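Read-outs: derived from the displayed coordinates by stated rules, not from any lab. As the structure is a prediction and not an experimental result, all values here were calculated from the model. All Cβ positions, glycine included, derive from the backbone under ideal geometry; neighbour counts span all protein chains shown.
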Amino acid sequence: MRLKGGLGKLLPKGKREGGVGEGEGVGIEKDYLDLDIEEYEEDLEDERARLYIKTAELTGLFDIPELKKEIYAGNILILDISRAKQDKVLVEKAVKDLKMAALDVRGDIAGIGDDLVVVAPTGIKLERKKLNVR
């Protein structure tokens with residue numbers, strides 16, 4: 001069996017050709033390239049991002065200032081309001097305050113289902129229509 005295209009270029013020269021017998025796996029499984037992902041991850045940890053996607057859970061009014069701080073810092077916020085839904089006043093106050101913060105930074109806010117609220121910073125628009133993925 002001869003490998004064609006890009007896949008053949010990835011394998012060592014001596015392993016580009018080789019048969020696969022009936023009932024056998026690929027004959028080159030012993031020879032693989034060990035990628036040092038840890039080195040790559042260390043490089044990423046040192047690199048600062050322009051924005052972060054942060055997740056949080058709304059549990060009380062005391063959470064709102066910290067949530068607003070993340071919005072003003074330019075981060076995307078995914079907020080779980082499922083536990084707070086028992087207190088309708090809390091949820092209404094939190095959503096109102098987060099809407100004001102989103103307006104301040106010219107961002108966007110939208111609900112996802114019944115339990116999540118997403119707040120996006122300047123330059124990011126949240127699409128309200130679902131994708132039809134099949």
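Before moving on, here are some points about what is shown:
- Sequence ranges 102-109, 58-65, ranked by mean other-Cβ count within 10 angstrom, highest first: 102-109, 58-65
- Evaluating 6.51 cos²θ - 1.76 cosθ + 1.60 at θ = phi - 60° for every residue in region 127-134, the Karplus couplings come out as 6, 8, 8, 6, 6, 8, 9, 10 Hz, glycine and proline recorded as x.
- For Lys54, the amide hydrogen comes within under 5 Å of the amide hydrogens of Ile76, Leu77, Ile78, counting only partners 5 or more places away or on other chains and with H modelled in the peptide plane.
- Radius, Kirkwood style, for region 51-120 when every pair of distinct Cα atoms is counted (Å): 11.7 Å
- Over 18 Å (Cα to Cα) - which of Lys88/Lys130; Lys68/Lys99; Lys69/Lys99; Lys85/Lys125 fall in this group: Lys88/Lys130; Lys85/Lys125
- A simple spin-label model places pseudo-atoms 7 Å from Cα toward Cβ; at Arg50 and Leu35 they are separated by 2.5 nm.
- Ranking of Lys88, Lys129 by count of other Cβ atoms within 10 Å, fewest first: Lys129, Lys88
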